[in-house]
Every structure is written in structure tokens, then in C-alpha cells.
């Protein structure tokens, strides 16, 4: 149960924080409304889930060939996630809405994940940090992907439903700073158990 809670905590912190997906959804919500932007929301959530599964399958094959590689990638993944937390905490750029003639489609939202740097960091970091090499790897990968799939809809949907409100709030430097600090802290908290596990493996 603690493991599932930790993964869910990480999924929330990774899904709700400002990033290309959420800014794109927020902009669509502001310009086209919730109903017309739903295909984009579904495309992002489904697309990232598929990306997470495929990344996990690739890692599992590597782990079978090189068992010690899992520990190395786990350490690198945690460092990436801590770096992401740092970027979130230090972020202060304004969010701007770019005019579009029509909302992005389901397929464009799904394909966009493969060009989204944050999605790559989150996917590789999640697989490396929250899996253990062995026979249960595929089940763990499915659990992580399912958790992200369930969590991503309300988290990303929040940016869609309250796009204009969130845009105004995050354009206030003070409020944006505290929001970023809170999300960064949540991200670090989700990684803490993995840091303990790494320390135990080293000692």
C-alpha cells in the first residue's frame, strides 16, 4: 500500500505541475472551452500512458541482459527527478496563450508526448525509480502506467476546467512562486523512499 501511495503521490506531483502538456491544455481551454478541448485532454493522458508502457518494456529487456543496469538507471532517474523539482521550484516564467485557429486533436495530443522533454524525464524516472528488477517488473510497469492514467485525467483536467483562473493565478509572481515551491516539495517527497532504498543497497 505504501508503494502504491508513493507512486500515486509522484504521479500527482508530476501531472499537476506546470509543463508543456498543462500549458497546452490550459491555452486550449481558454480559447475553445472545455468541450472542444476534451479530445486533446484524452490524447495527452492516453498518449503518455502508452509512452510509459513502451519505455517500461524497453527497460525490462535491458534489465534482463544487464541486471546491474537497473540500479544505475534508478540512481540516474532519481537525479533527473530531483533536477525536475529544482526546475519547478526555480521557475518564474509567465504563461502566455498563443492563438490557435482550432483546438489540437486527440492524435496530436498523443504524438506530442514523444516530443515533450518533461514527459521523457517523468516516464524514464518513474520506471527506473519505482520498479525492481525481476519477474514482477511487467506487473509493476502496468501498475505505474495505470496509476498515471487514472491520476492524469483530474490533474491535467484541472488546468483545462480552470484554465483562465489558473492562468491569472500563476501570472502573479508571488503566488506562482509558492505554487512552484509546493509542487517541487511534493515531487521531492515522492522520491524520498527511493533515496532510502538506494542508500540501503549501497550500504
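Using 0.36 nm per residue of separation minus the Cα-Cα distance, give me the extension gain between residue 182 and residue 66 in nm, one decimal. Present the calculation step by step, with values, prior to reporting the outcome.
Working: separation 116, 0.36 × 116 = 41.76 nm, distance 3.75 nm.
Stretched fully, the residue 182-residue 66 segment lengthens by 38.0 nm.
If each residue's Cβ is checked for other Cβ atoms within 10 Å, how do 9, 158 rank with the fewest at the top?
On the way: 9 19, 158 16.
Fewest-to-most Cβ neighbours within 10 Å comes out as 158, 9.
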How do 75, 155 line up, fewest other C-beta atoms within 10 Å first?
-> 75, 155
Cα gyration tensor shape for the range 33-202, rounded if a/c is under 1.5, else prolate or oblate | oblate
How far apart, in nm, are the 7 Å Cα→Cβ label points at residue 146 and residue 76?
-> 2.9 nm
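In units of 2.2 N^0.38 Å, what is the alpha-carbon radius of gyration of the range 1-78?
Values: Rg = 16.5 Å, N = 78, 2.2 N^0.38 = 11.5 Å.
Scaled against compact globular proteins, the figure is 1.44.
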Once both labels are modelled 7 Å past Cα along the beta-carbon direction, what's the residue 115-residue 195 spacing in nm?
-> 3.6 nm
Only helical DSSP H runs with n ≥ 4 go in: add -39500 (n - 2.57) per run for the chain, normalise by residue count and round the 222 nm mean residue ellipticity to 500 deg cm²/dmol.
-> -27500 deg cm²/dmol
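Readers should treat all values here as calculations from the given coordinates under stated rules, not as data from a laboratory. Small disclaimer: the values here were computed from a predicted structure and weren't measured. Glycine also receives a Cβ, built like all others from the backbone with ideal geometry; neighbour counts cover every protein chain displayed.
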